[in-house]
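The values are calculated or read from the model by the stated rules, or taken from the named source; none is laboratory data. None of the values given here were measured: they were computed from a predicted structure. We place every Cβ from the backbone using ideal geometry, glycine too, and count neighbours over all the protein chains shown.
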Amino acid sequence: MSASPQATTRQPRIAVAGATGRVGSSLTASLAADPVHVLALTRNPDAARLPAGVAAVGVDFDQPASLERALDGVDRLFIAHGTSPRQVENEIALIDAAVAARVRHIVKLSSFGPPSRLHPIDWHMKIEAHLALQDIGYTVLRPTAFADILRRAGAAVANDAWGGAAGSGRTNFIDTRDVADVARVALLANDGDEVQRAHHLSGPRAWTMQEIADELSRLLDRTIGYGQRTPAQQRALLIGAGQNDFIADLVLGLDRCFRESALAETTATVEQLTGHAPRSLAHWLEENLSLFRG
């Protein structure tokens with residue numbers, strides 16, 4: 001009797017919503033080297049710039065059926081929606097489509113911090129509450145503030161005009177690459193609909209804005225300051241610079257979190273899950289020093 005042919009193991013199919021975002025781009029780049037089939041869900045697949053081996057799949061949030069079609073045969077889904085007034089609506093639509101398509105596990109990018117009415121923390125709370133009611137496995141990632149937020153301070157630092165309403169509060173900044181590394185671990189984990197959990201992610205230490213200014217002073221070899229402003233003064237500057245009320249509210253909400261040290265906690269989760277220590281903010285500043293030179 002001849003031997004039967006050996007069965008071929010199907011590669012897991014992982015869909016990434018937000019593949020061109022800060023975390024999603026790092027995540028897809030790392031997953032492209034893993035023995036998985038990666039799909040990037042995007043509104044405009046023809047324009048998406050993706051790593052080799054990552055397939056772009058078009059979706060339309062105004063057509064829920066397109067979401068379910070895109071997730072057909074997918075084992076795991078990563079969700080990272082950009083901050084927008086439609087974030088709650090769109091992420092819930094993705095979750096519902098994943099449940100209908102029998103996706104086994106969702107990894108959702110959320111936010112750190114206490115319950116709040118501030119955007120987007122309150123939006124993430126609503127999405128997490130919906131996800132918790134579904135019969136599906138999930139991993140929620142709750143990072144502290146992204147180091148990339150400091151990119152918007154580049155021109156102000158270069159022009160000696162950096163400031164805000166963060167006061168002397170402390171904030172733990174995390175590198176988006178570390179968040180992507182944790183997301184990769186969660187997506188490749190050998191578990192499914194029986195696992196429902198949340199991870200709090202942070203960098204190695206918390207900083208005040210003045211401490212960041214001092215570090216920039218050392219790196220740039222000139223004195224950098226952080227001007228303390230009231231929330232009203234900061235709003236007036238933002239509106240005067242052409243920002244709309246939505247963006248001004250987001251920036252002021254973030255400054256409030258900083259001022260109240262709501263994102264100051266340090267956790268060991270990144271190292272426990274990935275095997276490497278989280279990247280430091282000092283290292284991020286050094287890598288991106290050209291932003292602050294002007």
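Observations on the model:
- Hey, A153 outside any helix (DSSP H, G or I), touching a residue at least 60 places away in the same chain (Cβ under 8 Å) and either in contact with a helix residue (DSSP H, G or I) (Cβ under 8 Å, 6 or more places away or on another chain) or buried (at least 22 other Cβ atoms within 10 Å of the Cβ) (or both) or not: no
- Qualifying residue in the range 168-178 (condition: in contact with a Gly (Cβ under 7 Å, 6 or more places away or on another chain), among the hydroxyl-bearing types (S, T, Y) and not in a helix (DSSP H, G or I)): no
- The number of residues in the range 206-222 that are in contact (Cβ under 8 Å) with a residue 12 or more places away in the chain and in a loop (DSSP other than H, G, I, E, B) comes to 1.
- Count of residues meeting criterion [part of a helix (DSSP H, G or I) and modelled with pLDDT of 95 or more] in the range 1-23: 1
- With respect to being in contact with a Ser or Thr (Cβ under 9 Å, 6 or more places away or on another chain) and assigned to a strand (DSSP E or B), A55 falls outside the description.
- The residues of the range 91-131 that are assigned to a helix (DSSP H, G or I) and among the aromatic types (F, W, Y) amount to a single one, W123.
- Screening T171 against (1) of a type in the set (S, T, N, Q); (2) within 20 Å of I121 (Cβ to Cβ); (3) surrounded by fewer than 17 Cβ atoms within 10 Å (Cβ to Cβ) leaves a single unmet condition, (3).
- Scanning the range 90-149 for residues that are under 15 Å from A17 (Cα atoms) and charged (D, E, K, R) yields E91, D96, K108.
- Cross-chain or 6+ apart pairs with Cβ under 6 Å, the range 109-129 first and of a type in the set (F, W, Y), then assigned to a helix (DSSP H, G or I) and surrounded by 17 or more Cβ atoms within 10 Å (Cβ to Cβ): W123/Q87; W123/V88
- Scanning the range 228-270 for residues that are of a type in the set (S, T, N, Q) and in a helix (DSSP H, G or I) yields Q233, Q234, T269.
- Selection of first residues in the range 81-104 that are touching a residue at least 12 places away in the same chain (Cβ under 8 Å) and under 28 Å from L118 (Cα atoms) and of second residues that are acidic (D, E) and buried (at least 16 other Cβ atoms within 10 Å of the Cβ), restricted to Cβ pairs under 9 Å at least 6 apart or on distinct chains, gives the following pairs, ordered by first then second residue: H81/E91; D96/E68; A97/E68; A98/E68.
- You will find that of G225, G203, the residue that is under 30 Å from E128 (Cα atoms), part of a loop (DSSP other than H, G, I, E, B) and in contact with a Phe, Trp or Tyr (Cβ under 8 Å, 6 or more places away or on another chain) is G203 and no other.
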